[in-house]
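Single-structure report; data block below.
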Amino acid sequence: MQEKTLLMIPGPIELDPGVLRAMSLPTLSHVSPEFAQIFGEVLENVRRVFLSESGQPFVLAGSGTLAMDMAAVNFVERGDKALVVNTGYFGDRMAEILQRYGAEVTQVRAELGQIPPLEEVERLLSSDSYKLLAVTHVDTSTGLACDVKGLAELAARYGALSVVDGVCATAGQEMRQEEWGVDISYTASQKAISTPPGLALLVASQKAMEILAERKSLIAGYYTDLNKWLPIMQIYEERRPAYFATPPVNLIYGLRESLRQMLAEGMDACFRRHRIIGEAFQASMRAMGLKMVPHRADDMASTMTAIYYPEHIGASLLGKVKANGVVLAGGLHPAIADRYFRVGHMGPVGPGEILTTIAAIEKGLVSSGYKLEAGLGLAVAQRRLLEL
Ligand code: PMP
């Protein structure tokens, strides 16, 4: 029997069939009043999902890296100082992008598996004049979740713009952009936003928009220039069509449906579900004797988990888990890439998906010769999942 496989990587993710169905509707003209209604609703709902009622949303065709590019090219000018809180691969990428646009980048790191302490970030912020503080909310290479609230507070105190890469976090990991004072926050559609890959979403605070307006030098990107996009987004939100570059019409239909579903659940309920599922999964891995990349349970993301293979068992585990019906991801952090694997648990995941994943890992471990009491991981997870 050919069973359907379950896609449990940290994006793209398993999607709700309603989102896929929405995308199969006929492609409208991007400048028709009907499409303006749809895109307008999407922009309004992006504010709600980011919990940023006064923020300015931008939705562009592209991936998460485009969103990173947008944040960097628009908000730094040559010679500006930027501080990157680096917890893995995507911190490295952000530092590289900021440098590309002329920023003088300082990075603050901790030992692999740990998060730089707020005191260290504060020491650096107070020792120089930083234009911007960039942080990856959940670094997908380590599964570490940073204290965005604390970092945004620090950035505001020292007059730096806070930039949050929420690609592996937004709509899964708790984030309250307006309340926490985050200036620029972005994500991509294929993660907890629960739409196929292809959209970059960014929300900028009013303060960030003022800084953009005061910029002296020309923005080095053309497609990524937010000044080009600002009137377009504003006009669409007023339910009128506008044109700068063609939006991916059918992906916007999918996004409309996934945002509607998220808001019907409610953001608080959505964050809580992700937290319980994440903790249930991490508790089950611990019960099976597996070690995770983050050292402290409190630093682990709700949206994904990075787990070391047990000794003498390597990447062959992933093939066995796939044969049991679940697709997982290999390592990404260059220092440990072949020593660990990654599991995504974001978007429309419930007890069914996470228990199936744990069962497939258990079976894969047993067939790799790992000594394990069958069902132990499932029982531990189930105890926590009863809270849902
Ligand atoms: N930032 C983070 C935290 C990510 O997880 C990813 C993608 N895995 C990106 C940025 C880049 O996104 P994309 O692959 O969609 O360009």
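What follows draws every value from the coordinates through simple rules; no lab data is involved. If you're wondering where the values come from, they're calculated on a predicted model, not measured in any experiment. Cβ placement follows ideal geometry from the backbone for every residue including glycine, while neighbour counts extend to all protein chains displayed.
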**Request:** Please work out the Cα center distance from the stretch 250-274 to the stretch 140-154, rounded to the nearest Å.
**Result:** 22 Å
**Asked** Once fully extended, how much extra length lies between residue 286 and residue 65, figured as 0.36 nm per residue of separation less the alpha-carbon to alpha-carbon distance?
**Response** 76.3 nm
**Request:** Give me the number: length gained by fully extending residue 210 to residue 127, i.e. 0.36 nm times residue separation minus the C-alpha to C-alpha distance, one decimal in nm.
**Result:** 27.4 nm
**Fill in**
Restricting to lysines and to Cα separations under 25 Å from residue 322, and discarding same-chain partners fewer than 8 apart, the set is 4, 191, 291, 363, 371
**Message:** Filter the chain for me: DSSP H helices, axial length by Cα at least 20 angstrom, mean Kyte-Doolittle hydropathy not below -0.5. List them by residue number.
**Reply:** 33-49, 249-265, 267-287, 351-367
**Asked** So which lysines pass the test for residue 207, namely a Cα distance under 19 Å, with those fewer than 8 places away in the same chain ruled out?
**Response** 81, 131, 149, 216, 228
**DSSP-defined beta bridges in the chain - what % are antiparallel, rounded to 5** = 50 percent
**Asked** What distance in nm separates the simple spin-label points at residue 238 and residue 382, each placed 7 Å from Cα in the Cβ direction?
**Response** 5.8 nm
**Request:** Please give the peptides 358-366, 336-344, 375-383 ranked by average Cβ packing (other Cβ atoms within 10 Å per residue), highest first, as a rough proxy for protection.
**Result:** 358-366, 336-344, 375-383
